[in-house]
Every structure is written in structure tokens, then in C-alpha cells.
Amino acid sequence: MERLVTSNLKLGIIAGGQLGKMLIQEASKWDIITYVLDNDEDCPAGRIASHYIKGSNLDFESVYQFGKKVDVLTFELENVNIDALKKLKSEGHRIVPDPEILALIQDKGLQKEFYKRNGIPTSPFAIWETEAAILEGLEKGQIHYPFVQKLRKGGYDGRGVAVINNASDLKKLLPGASVIEDKVEIAKEISVIVARNGKGEIKSYPVVEMLFDPKANLVDKLICPSSITVEQSEKAICFAKDIIELLNMEGLLAVEFFIDSQGEVIVNEMAPRTHNSGHHTIESIITSQFEQHLRAILNLPLGSTRIKLPSVMINILGEDGHQGAVMYEGLTESMAIEGVKVHLYGKKITKPYRKMGHVTVMSSSLECALQKAEKVKGLIKVKSWTENK
């Protein structure tokens, strides 16, 4: 705490995307010195960090040398060189969340085994090493349609996932070691973000409901508070708190759940970092997820997670068929609507379904916020100059 108030604290963030940028925006309020490691010199976080270091999050030497420059090291994605983090930890450097936790969460097979071992409800699963083994398992009746294939490592934002409903979908099978899950009949998808500091203090954000874009397989709309029952909400929050406690984790943990057709709450997966399902907290909750992450990793008292206003968050995605220098439409009209907060991430190049920003819409009632969000969704378009010459 003393180092924080004297402005000498050096915070390192591995990867410089929009999550890193928004974390730096919060850190700047406390005059923390920020370092970002990213290969892209134009990355969103790199342009506002105190120090930008060019390097890959997957390269041992880049991560190791970067970690030695800072007092506290954190990350905005799971895909980080674990060996470098473990070596830094062994030499006494502070990495939060802990590399062992990151290693578990990086591997969806280890994740699922963790849930099973600790009695956390999740969909039935089995681990298969190759695409050929999956096909053989189908022939032998060990795997049944419909099922979901998730690569054990490397998947994010809907990538590394294949939904196989019948034999005609087998062309979508992905090569590599995988988790095969029974396909859940999903009624709703929800998320709970929970924080824990070094003193063991835990705070949960209110449950949010997520609606997905079927083509992009990304969150299209996020609603807070959710429309689920009080009992379902309490279960989800309890499971999220249990998980972060079982992991003995410091930092922020996002836990995504399914609510199945029978109304049961089932863990889907988790992420040990700030998360897309928490962007609304910047305006609609007393303490944003980015401030809470800083509080947790610096072992400060956790902030209030009380809702200020009901909100709807929509992702601003690159339009299908547009790739090149970015051009936005509809921002002025959207900003004229009361309660609309626009966040652009500063990415110079748009691609189909690339996350380019988000909009949080707040109102005194959720119904009104939903109506405004639909209007904004129809107004904002992300196109490219190259497509419009």
C-alpha cells in the first residue's frame, strides 16, 4: 500500500488488447506506473501505457525479461508462456493470479476435472487425444450425438469449439486433444464475476445474462440484472465464490454458466481475468471490474458491487464483409440517446466480427435500457474505408 501511494508501483500487463487498456485507465487514477508486453506496436493498451515493450506473450524470454521489470505482473488473456511465469515466481516475483491457477484454466480438460473433483456441477464429459480417437469413439458408441468438442488449449472467444449435432457436422471436428461434452439444452447463459484479495475477502458482482450472436459465437448483448430466479442467482454466485476459494486465488475470476432446460445451474468455463461480461460495471456498478481487479491483486479492500442503474451492454463488432482501415457509423446518433456510453478500443483495422468496442446503455428500468440498446444496435456499424471507396 505504501508503494502505491508513493506512485512507485510498477504494474506489468501481459498483452495489450482492450482489457489491458481499460485496466490501465483505472490504474492511472492511482498514478500506478504501467508496462505492457505485446507484439503489436499499435495495440490498444500500448498507446496509453507508461511503457510499451514489444514481445510475444507466448515467448519464454519475452515474458521472463518483462516480468523482471515490474513489481506486480498480471495478464489480460490466458494464452501466456507458463514456464516463464513459473520461473519468475520461483525467483520471488509477484504474479497474480498465480501461474498454477493459470495453467489449470488454460487446459479445459484440467478445468473440467477440477469441477468434477470438487462437486461443482458441469456437463458430462470425456477427454480424447486426437480427432481420429473421437471418430473411433463414435463408431464404438462411446460418444453420442449431439456433442460439443472443445480443444483443451488455445481456444477463446468461441474459437476452438465445434458443435456436432449429427454425422454431417463431423467435417467441423477440430484436430487436437479435446474435451467432448454432452450438448446441454440451454435455456439461458449467465456469468458471475467474483473477486478475492490476499486477505481472503471475496465479493461477487450481480449475475448477468448473456445473449450470443449465432454467427460470431460472441456475446451480442449482456443484461444486468438478469431475469433468472433468485434461487438460480444465489446458486451461481455460491458456485463462483466456492471456485475462487478452492483455487485460493487472488484477482478476478469470471465464471460462465448454463441454465439448462430443467432450470439447473451448470458451470461452463472460467477465466482468471477481467472479462467481456463485466464491461457494464464501468458505469453501472459502483466499482468497475477493472478497479476491482487492481484492488484484489494489490491486496486492497474490495469495492462495492452494488448496481447503480439497470444496464444493457452490446459489443461493437466488425461488419461481415468489411476488412481494412476502420470507419464507424451511427456514433453521433447513439450518443444523443440518454444513458448511452460508447467505448471504442482504438483498433485501427476492422475484420468481420472483431471486437472493436462496446456500448453500455443505462436507464431507470431494464425494459427501457433494452429498448434503447436495440436502437443503438441498429445505428452503430463498423465498416472499412477500403470497402467504401
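Under 1.5 on a/c is rounded, so check that first for the chain, then, if it is not, pick prolate when a/b is larger than b/c and oblate when it is not; a ≥ b ≥ c are the square roots of the alpha carbon gyration tensor eigenvalues. Judged from the Cα gyration tensor, the chain comes out rounded (a/c under 1.5). Between Tyr145 and Glu374, the C-beta separation translates, for a Förster distance of 45 Å, into a calculated FRET efficiency of about 0.80. In straight-distance terms, cross-link reach from Lys203 covers every one of the aspartates and glutamates whose alpha-carbon lies under 16 Å from its own, apart from those fewer than eight places away in the same chain; here that gives Glu234, Asp242, Glu245, Glu250, Glu291. Between the alpha-carbon centres of the stretch 171-185 and the stretch 251-274 there is a gap of 18 Å.
For the chain, the relative contact order works out to 12 percent when only alpha carbon pairs closer than 8 Å and six or more residues apart are counted. With R₀ set to 30 Å, the beta-carbon distance separating Ser90 from Leu174 gives a calculated FRET efficiency near 0.30.
Each of Leu73, Ala27, His51 was placed along the dipole of the chain (beta-carbon charges, centred on the mean Cα), and the one lying farthest toward the positive end is His51. Among Ile285, Ile266, the ranking by other beta carbons within 10 Å of each residue's beta carbon, starting with the fewest, stands as Ile266, Ile285.
Among rounded, prolate and oblate, which fits the stretch 297-389 when a ≥ b ≥ c are the square roots of the eigenvalues of its C-alpha gyration tensor, a/c under 1.5 means rounded, and a/b larger than b/c means prolate? Oblate, since a/c reaches 1.5 and b/c is not below a/b.
Note on Lys348: lysines with a C-alpha under 20 Å away, same-chain residues under 8 apart excluded, are Lys21, Lys54, Lys381, Lys383, Lys389.
Rounded to the nearest 20, the Cβ-based charge dipole of the chain about its Cα centre (Lys and Arg +1, Asp and Glu -1) stands at 760 debye. Start at zero, step by 10 Å, and the Cα-Cα distances of the stretch 2-95 spread as 19, 53, 27, 2 percent across the bins.
P(r) tail for the stretch 128-233, what percent of Cα pairs lie past 22 Å? Summing the P(r) tail past 22 Å for the stretch 128-233 gives 48 percent. Distance check, please: which entries in Lys86/Lys221; Lys150/Lys347; Lys68/Lys150; Lys10/Lys341; Lys153/Lys372; Lys116/Lys372 exceed 32 angstrom between their Cα atoms? Too far apart for the 32 Å limit: Lys86/Lys221; Lys68/Lys150; Lys153/Lys372; Lys116/Lys372. Extending 7 Å from Cα along the Cβ direction at Ile349 and again at Glu41 yields two label points whose distance is 1.4 nm. Anisotropy class assigned to the stretch 237-302 is oblate, per the alpha carbon gyration tensor with a/c at or over the 1.5 cut-off and a/b no larger than b/c. Geometric descriptor of the stretch 124-182, per residue, is 73 Å³ (volume of the convex hull of the Cα atoms).
No lab work stands behind these numbers, since they all come straight from the coordinates. In this text the structure is predicted, and so the values were computed from the model without any measurement. For neighbour counting, all protein chains shown are included, and Cβ atoms are generated from backbone atoms with ideal geometry for every residue, glycine included.
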